[in-house]
Amino acid sequence: MTGRAAPSITAERGNVRITIDNPANAPAPAGPYSQVARIDLGTGALLVLSGQVALDEENDAAFPGDVAAQSEAIFEAIGQLLAAHGAGFADIVNIRTFLTDMNDRAGYAAVRAKYLTGTLPTSTTVEVSRLFKDGAVIEIEVTAAVAGD
């Protein structure tokens, strides 16, 4: 089941404005969660994206077992989520990657290098025993810092 919460919910907490969002022009969440938390801090904002996996239209893993194809689909989804908040790949400050087989790291790295150029973000890559969708071999989550509106 895919979920799509209200387009956005904003709360003020002191000098901080937090918006929880599921952008209409980006992939819907695969379950009961939101895709983006935007934290406005004065003249800028942090975007915290939920982990992304490659899903097909039936909400199953797309390209089962193919780390390169899944990575490509995930980066495309991340690009859409960032763009919905006026950001791009150059704004990513941290990336966390979960692989079901660390031997897939080279295939992932080749795709990642197409999207993350210039100054590279901080990074963590770990091997996990499985992901929430059978056939998914990689999940990526990012945090981006963007100039305020």
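Quick note: the coordinates plus some simple rules give every number you see, no bench work behind them. All figures in this text were calculated on a predicted structure; none of them were measured in a lab. As a convention, Cβ positions derive from the backbone with ideal geometry for all residues, glycine included, and neighbour counts pool all protein chains shown.
Across the chain, the longest run free of exposed loop sites, meaning GluC sites (Glu not before Pro) lying outside DSSP classes H, G, I, E and B with no more than 12 other Cβ atoms within 10 Å, spans 59-149. In terms of its Cα atoms, the chain spans 45, 37, 24 Å along the principal axes, sorted from long to short. Across the chain, the relative contact order, built from alpha-carbon pairs under 8 Å that are at least six residues apart, equals 27 percent. Taking every DSSP beta bridge that has both ends in the chain, the antiparallel portion is near 85%. With respect to the chain, whose longest principal axis is taken over its alpha-carbon atoms, helix 105-115 is tilted by about 40°. Using alpha carbons only, how many degrees (0 to 90, rounded to 10) separate the axis of helix 67-83 from the longest principal axis of the chain? Orientation of helix 67-83: about 10 degrees from the principal axis.
Rg/Rh for region 25-87 (Cα atoms only, Rh after Kirkwood) is 1.03.
Filter the trypsin sites (Lys or Arg not before Pro) in region 48-149 down to the DSSP loop ones having no more than 16 other Cβ atoms within 10 Å, then list what survives.
On the way: sites: Arg96, Arg105, Arg112, Lys114, Arg130, Lys133; in loops: Arg130, Lys133.
When the trypsin sites (Lys or Arg not before Pro) of region 48-149 are filtered for loop state and at most 16 Cβ neighbours within 10 Å, Arg130 remain.
The region of the chain that goes longest without hitting one of the chymotrypsin sites (Phe, Trp or Tyr not before Pro) in a DSSP loop, each with at most 15 other Cβ atoms within 10 Å, is 34-131.
Mean residue ellipticity, 222 nm, helices only, the chain: the sum of -39500 (n - 2.57) across DSSP H runs of n ≥ 4, divided by residue count and rounded to 500, is -6000 deg cm²/dmol.
By the count of neighbouring beta-carbon atoms within 10 Å, fewest first, Ile138, Ile20, Ile78 end up ordered Ile20, Ile78, Ile138.
Taking the Cα atoms of region 56-124, the ratio Rg/Rh between the radius of gyration and the Kirkwood radius comes to 0.97.
If the chain linking Lys114 and Val93 were pulled fully straight, counting 0.36 nm for each residue of separation and taking away their Cα-Cα distance, it would gain 5.9 nm.
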